[in-house]
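**Q** What follows is a single structure, and I will ask about it in a moment.
The values are calculated or read from the model by the stated rules, or taken from the named source; none is laboratory data. Computed from a predicted structure; not experimentally measured. Ideal geometry is used to build each Cβ from the backbone, glycine not excepted, and the neighbour counts take in all protein chains shown. SASA here: full protein model, heavy atoms, side chains in, ligands and nucleic acids out. Shrake-Rupley method; radii C 1.70, N 1.55, O 1.52, S 1.80 Å.
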Number of protein chains: 2
Amino acid sequence: MSKEEKQITHEKVFDGHLLHVYKDKVLCPNGNESTREYIMHQGASCVLAFLPDGRIIMEKQFRYPFHKEVYELPAGKLDPNESNERCAIRELEEETGWHANKMEYYGAVYPSIAYTDEVIHLYVAKDLVKSEQHLDKDETLEVLYMTLDDVVNMIAKDEIRDSKTIALISRYVLKNR
Amino acid sequence: MSKEEKQITHEKVFDGHLLHVYKDKVLCPNGNESTREYIMHQGASCVLAFLPDGRIIMEKQFRYPFHKEVYELPAGKLDPNESNERCAIRELEEETGWHANKMEYYGAVYPSIAYTDEVIHLYVAKDLVKSEQHLDKDETLEVLYMTLDDVVNMIAKDEIRDSKTIALISRYVLKNR
């Protein structure tokens, strides 16, 4: 049996600066009608960047929905017509002041499959050279240099909870066992 | 320097069945004003359940924002006044027809820190007994029994992209190395 849900109606219910929210009426495969509310998102890239000395670049950033600072890897949304890799290079440089000459693709993660179509593309960056940090005018963050082992231990101990960070670090560890 | 962003105004911009969207005006620590658009979410629980034969319970579910089927662990939203653990037990039983007598807490994951305050609580379930599946009327999913090794390999190979699934499987693997 096909599990596909067929779109009956499609309505934009909020068109904000960041969030674009839609409400669709759908026909479920069992014949019932339902509604699906979800965000349409341009996508993002996230970077695990290795410094020449082997440490990795982390950030500690105040995240408004949680009203606290959160540990995470550098990441950001795609600009219009920007490739995933170009976004990864740009966000790393803007947020941390490091330019990566080498980017390797590590697949993607879907942060919230129930209510956003956001795809976060994962990259491992090497061959870094010092550049300049350029934060957005509403962005404040602390750049941290940590060992991969320390970050892995923080994930295991529930001290890192950001999903893209766990996904990229875990996939890197699993692929390089 | 404090990185806190102070709330100036707080407005509900969409009040749906699933999504409750807010737009706040905030004062950034550098003195700039900005807006933050985000979802307020009741929270959820996600379960890594081990069958008596050692295999784990996975699901393949059609996810409307992606218009395709996605591999994921059993999970669901908290009912009003429900504990995280009770939610984990209930969702596992409703979605898969297995009742867990033992639940161990594995911390939490923040799926999308930029725009939702959702916290997904992670549990490992053991001592399972067969019960009855009770799907919601708009829910269709396939229950799969897989080995942990197969699921870990699918994460490494970018065949599993759901963030809560990667977070829980990875934390389990990292804590039980």
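**Q** Step by step: first the residues of the range B:107-122, then only those that are in a strand (DSSP E or B) and within 9 Å of chain A (Cβ to nearest Cβ), then the one that is surrounded by the fewest Cβ atoms within 10 Å (Cβ to Cβ). Which residue is that?
**A** Checked the range B:107-122; the qualifying residue surrounded by the fewest Cβ atoms within 10 Å (Cβ to Cβ) is B:107.
**Q** Something else: Return yes or no: is residue A:104 surrounded by fewer than 22 Cβ atoms within 10 Å (Cβ to Cβ) and in contact (Cβ under 8 Å) with a residue 12 or more places away in the chain?
**A** So residue A:104 passes the test.
**Q** Hey, residue B:145 hits all of (1) open to solvent by less than 50 Å² (accessible area, probe 1.4 Å); (2) more than 23 Å from residue B:78 (Cα to Cα); (3) not in a loop (DSSP other than H, G, I, E, B) but one; which does it fall short on?
**A** (1)
**Q** Given the criteria open to solvent by 30 Å² or more (accessible area, probe 1.4 Å), more than 14 Å from the chain's Cα centre (by Cα) and within 25 Å of residue A:36 (Cα to Cα), does residue B:69 qualify?
**A** yes
**Q** Please find, within the range A:1-19, the residue that is most open to solvent (accessible area, probe 1.4 Å) out of those that are assigned to a strand (DSSP E or B) and at the interface with chain B (Cβ under 9 Å from one of its Cβ atoms).
**A** A:7
**Q** Which number in (1) closer than 27 Å to residue A:117 by Cβ; (2) outside any strand (DSSP E or B) marks the one condition that residue B:133 misses?
**A** (1)
**Q** Turning to a different aspect of this structure: Residue A:92 passes all but one of (1) of a type outside the set (S, T, N, Q); (2) surrounded by fewer than 24 Cβ atoms within 10 Å (Cβ to Cβ); (3) over 30 Å from residue B:73 (Cβ atoms); which number fails?
**A** Failing condition for residue A:92: (2).
**Q** Determine which member of the set A:55, A:63 is closer than 30 Å to residue B:33 by Cβ, of a type in the set (Lys, Arg) and touching a strand residue (DSSP E or B) at 6+ places or on another chain (Cβ under 9 Å).
**A** After applying the criteria, what remains is A:63.
**Q** Filtering the range A:157-170 down to residues that are among the polar types (S, T, N, Q) and within 7 Å of chain B (Cβ to nearest Cβ), which residue is farthest from residue B:173 (Cα to Cα)?
**A** The extreme case among them is A:163.
**Q** Output the residues belonging to the range A:20-48 that are assigned to a loop (DSSP other than H, G, I, E, B), modelled with pLDDT of 95 or more and either open to solvent by 10 Å² or more (accessible area, probe 1.4 Å) or among the hydrophobic types (A, V, I, L, M, F, W, C) (or both).
**A** Of everything in the range A:20-48, those that are assigned to a loop (DSSP other than H, G, I, E, B), modelled with pLDDT of 95 or more and either open to solvent by 10 Å² or more (accessible area, probe 1.4 Å) or among the hydrophobic types (A, V, I, L, M, F, W, C) (or both) turn out to be A:40, A:41, A:42.
**Q** So the check is Cβ under 9 Å with 6+ separation or different chains; which pairs have a first residue in the range A:59-73 that's farther than 17 Å from residue A:168 by Cα and more than 7 Å from chain B (Cβ to nearest Cβ) and a second one that's among the acidic types (Asp, Glu) and surrounded by fewer than 19 Cβ atoms within 10 Å (Cβ to Cβ)?
**A** Final answer for the pair search is A:61/A:69; A:61/A:139; A:61/A:142; A:67/B:4; A:68/B:4.
**Q** Specify which of the listed residues (A:154, A:146) is more than 8 Å from every other protein chain (Cβ to nearest Cβ) and under 13 Å from residue B:170 (Cβ atoms).
**A** A:154
**Q** Let me ask another. Looking at the range A:148-167, which of its residues are open to solvent by 70 Å² or more (accessible area, probe 1.4 Å) and either of a type outside the set (D, E, K, R) or without any contact (Cβ under 8 Å) to a residue 60 or more places away in the chain (or both)?
**A** Residues satisfying the conditions are A:149, A:150, A:157.
**Q** Return only the number of the condition from (1) of a type in the set (A, V, I, L, M); (2) open to solvent by 10 Å² or more (accessible area, probe 1.4 Å); (3) more than 9 Å from chain B (Cβ to nearest Cβ); (4) outside any helix (DSSP H, G or I) that residue A:125 does not satisfy.
**A** (2)
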